[in-house]
Amino acid sequence: MDRSQIVLAFIVGYMLLCIVVGLWAMRRTRSADDFFMAGRHLGFIVASVAIFSSTMSGWGFVGGPGLVYTIGAGTFWMIVSTPLGYCVMFYLLGKRLRLVAEVTRPISLPDAVVARYNSPSTGLLTAVAILLGVLGYLGTQILAMAMVLQSVLADVATIGTLPLGVCMAISSAVLVFYCVTGGIIASVYTDLIQGIIMVVAALLVVATAVATVDGGLGEMTASILADDPEAMSPWGTRGIVGCLSWYFVFVLGLSGQPHIVTKLMMTRRLDEVKGMFPIAVIGFLLSALLWISIGLCMRTLVIEGLHPPLAEADLASPEFLKTYTHPVLAGVVFAGLLAAIMSTADSFLNIGAAAVVHDIPRACRGRSLGNELLWARTATVIIAAVAACVALASGKMVALLGAIGWSVFAGAIVPTVAIGFNWKRATPLAANLAIIVSLVLNVGLQVFSVTLPHLFYNGALALLASLTVFYVVSIASPPPPLDPEIETAMNL
Amino acid sequence: MSEPVTIDRLPLLLLIALWVTTLGILVSPEPEAGFSIAHARVPGMEQGDTGLQRHADTLTWSWLFGVTMIAVVGVLMIWGSQSRWTDRLGRLLLAATLVLEVIFTAMCWSYRQQLSDPTATTFFAGFPPGTAWQLYGMGLAPFLFVGLYVFFFRQRIVTEATASGFDRLTDRPG
């Protein structure tokens, strides 16, 4: 077997494993509650790995090294923000969401929002914000998955370069298969496998990257520093304001990512959070080593003239793997790349399906669709198809939605859920306005290509505005009556 | 007896501080060369200008923004843990937040020192001092909060009262 065939074998093996997990999970998925909430039976290991692998998307494994290559150490803020973001999330929501989930038996985050605020309109707005973000995020993930597969297949002499649409169909078929058959159960158990692959891949890549440059890490940083001191400073090429505004949105915004916080409602027992917290932080940091090491290594090699400049920054990972790693390692890491992408995409498919078949109909008609499980499976296929078609037809629109996805979720859900589920004074009107402010500012600033002074991140301004609106309107409006059970859950 | 840290009192001050520092940054004069400058030799790569030129007007405002943001994060964690300023967990969370503030300040200070002669810098564990503070300090300090959460889990996060309340909600025998 040559190098490309070994890599392909790993990828085929990984995809078969995902299909097997899908078939296994299908037998455990008997209701909408199983499909969307895993029957609330997850142990802490599965839940915590699912949390960190959903956080570290394909954007982290493919886009992250590309960002280090382009802008230097400034991108490290996106990594160091996540452990602190997990801290905020676990302190605010680790216990609270599980308690509310026990009282209200929600099958989605908007469901819990409706129960908390006793307001279908707040649930509807939350679902709309989620659906918007899902379409963008999912589109970028599906596109990234297809590009990785296309890049791998292009090296196999007997296959050659396939059209992007074909690669998208192949990779999406596997993703959709296990998401349709096994719902969130398949999603979290594939996340477990994917998380393990990601950590193993990252550790092996670090060793390889250090060995690739004579002198190791010290030589990489010294070389980048000699070329451009600012690139190796904590602020990279984008400057202090851009980096700190990212940090703001990534730290606080993590508690607003629905594909991550929803998993806090799926655990078997309340005390599972104790184990989940450290595992999620450690798992994320270990997998992020790939981001740092490939990025620094490729920037160094190109600066020193040892590797030709990359045609696109996102090629940093594929080029490194194809050029500098052992074929077996390349196989493991390429599987890890697909794992990182799929582990995020499957969560988005699930919460998107919940929004379409449960949250939006319930908010509009007062009840969800009949035979919800069947509709959930159908919606999963449709959402994946729509996201793939939009990605193929309008890469620009996908890029736009993907770029604002994190900040839309942060601005809409951090006040409504992370704050509102702990603060009895929060009102539905405040939550509705915070969500609207987040959507309008994030979409508006992106559509009109507004660049704030000093590269202050648009999403940070939107988050600050939505938090302010949420607080001020809550204080200014009369205290809302709370359902007694919700109040009990908020008191505990 | 002291009151729990309530969100009604502090957020106004913190939100005002965040807005003031944000506006302070936004109205500061922008550097002539701007940001995201194309690399002189490598297409598709960026380079920074001199740090002095880029950050002359924003270093202090940005430090204030960062300090305020870390304070917000610390307050949110103390509040989320239902602690009081005067109880043990509340004090330890406050201390951990102060450690993070010190690390952040040390990172900004190291960077400022580095600006005087950017290329003649020392290295700590493979990185220039500012970046080492960023990666090893800001990246690992959150383990203080993780440790406190795990250590105080039974005493303060999910207490016997919480567990029995949870069981009552679910009608499960204790």
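At a glance:
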quantity: Any hit, region A:199-218, residues being closer than 30 Å to A:L374 by Cα, assigned to a helix (DSSP H, G or I) and touching a residue at least 24 places away in the same chain (Cβ under 8 Å); calculated: no
quantity: Given (1) without any contact (Cβ under 8 Å) to a residue 24 or more places away in the chain; (2) surrounded by fewer than 22 Cβ atoms within 10 Å (Cβ to Cβ); (3) farther than 18 Å from A:P229 by Cβ; (4) not charged (D, E, K, R), number of the condition B:I103 does not satisfy; calculated: (1)
quantity: Scan of region B:117-164 for residues that are small (G, A, S) and closer than 27 Å to A:I292 by Cβ, ordered by number; calculated: B:A120, B:A125, B:G126, B:G130, B:A132, B:G137, B:G139, B:A141, B:G147
quantity: From B:T6, B:T22, B:T68, residue being polar (S, T, N, Q), surrounded by fewer than 19 Cβ atoms within 10 Å (Cβ to Cβ) and either at pLDDT 95 or above or in a loop (DSSP other than H, G, I, E, B) (or both); calculated: B:T6
quantity: Residue check, A:Y86 within 14 Å of chain B (Cβ to nearest Cβ), part of a helix (DSSP H, G or I) and free of Cβ contacts under 8 Å to residues at least 12 places away in the same chain; calculated: no
quantity: Search result, residues across region A:309-320 that are outside any loop (DSSP other than H, G, I, E, B) and touching a residue at least 24 places away in the same chain (Cβ under 8 Å); calculated: A:A313, A:D314, A:L315, A:A316, A:S317, A:P318, A:F320
quantity: Residue count, region B:111-155 (criterion: part of a helix (DSSP H, G or I), in contact (Cβ under 8 Å) with a residue 12 or more places away in the chain, more than 7 Å from every other protein chain (Cβ to nearest Cβ) and under 17 Å from A:V88 (Cβ atoms)); calculated: 2
quantity: Candidates A:A465, A:A460 - the one that is within 26 Å of B:P29 (Cβ to Cβ) and surrounded by fewer than 24 Cβ atoms within 10 Å (Cβ to Cβ); calculated: A:A465
quantity: Of all residues making up region A:89-108, the number that are modelled with pLDDT of 95 or more and more than 7 Å from every other protein chain (Cβ to nearest Cβ); calculated: 2
quantity: Of residues in region A:178-236 being within 28 Å of the chain's Cα centre (by Cα) and among the polar types (S, T, N, Q), the one nearest to A:L23 (Cα to Cα); calculated: A:T181
quantity: A:G39 vs. criteria among the small types (G, A, S), in a helix (DSSP H, G or I) and at positive phi; calculated: yes
quantity: Restricting region B:89-100 to residues that are over 19 Å from A:Y247 (Cβ atoms) and free of Cβ contacts under 8 Å to residues at least 40 places away in the same chain, the residue that is surrounded by the most Cβ atoms within 10 Å (Cβ to Cβ); calculated: B:L94
quantity: Failed item in (1) assigned to a helix (DSSP H, G or I); (2) more than 21 Å from the chain's Cα centre (by Cα), with B:C108 passing the rest; calculated: (2)
quantity: Close pairs from region A:117-141: first more than 16 Å from A:T416 (Cα to Cα), partner assigned to a helix (DSSP H, G or I) and charged (D, E, K, R), Cβ under 8 Å, at least 6 apart; calculated: none
quantity: Positions within region B:25-36 being of a type in the set (A, V, I, L, M, F, W, C), surrounded by fewer than 18 Cβ atoms within 10 Å (Cβ to Cβ) and at pLDDT below 90, in sequence order; calculated: B:A33
quantity: Filter result for A:P258 (facing chain B (nearest Cβ under 8 Å) and farther than 22 Å from B:F124 by Cβ); calculated: no
quantity: Wholly enclosed helices (runs of 4 or more DSSP H) of region A:225-308 bearing at least 3 residues among the aliphatic types (A, V, I, L, M) and crowded, with 24+ Cβ neighbours inside 10 Å; calculated: A:240-253, A:273-303
quantity: Answer from A:A330, A:A316, A:A280 - the residue that is over 28 Å from A:D227 (Cα atoms), more than 10 Å from chain B (Cβ to nearest Cβ) and not polar (S, T, N, Q); calculated: A:A330
quantity: Selection count where residues are in a strand (DSSP E or B), among the hydrophobic types (A, V, I, L, M, F, W, C) and facing chain A (nearest Cβ under 9 Å), scope region B:25-49; calculated: 1
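This table checks each residue for (1) at pLDDT 90 or above; (2) crowded, with 24+ Cβ neighbours inside 10 Å; (3) in contact with a helix residue (DSSP H, G or I) (Cβ under 6 Å, 6 or more places away or on another chain); (4) not β-branched (V, I, T).
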| residue | (1), (2), (3), (4) |
| --- | --- |
| A:L400 | no, no, yes, yes |
| A:G411 | yes, yes, yes, yes |
| A:T427 | yes, no, yes, no |
| A:Q446 | no, no, yes, yes |
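The values are calculated or read from the model by the stated rules, or taken from the named source; none is laboratory data. Only a predicted model underlies this, so the values are computations on that prediction, with no experimental measurement involved. Cβ sites come from the backbone with ideal geometry, for glycine too, and all protein chains shown count toward neighbours.
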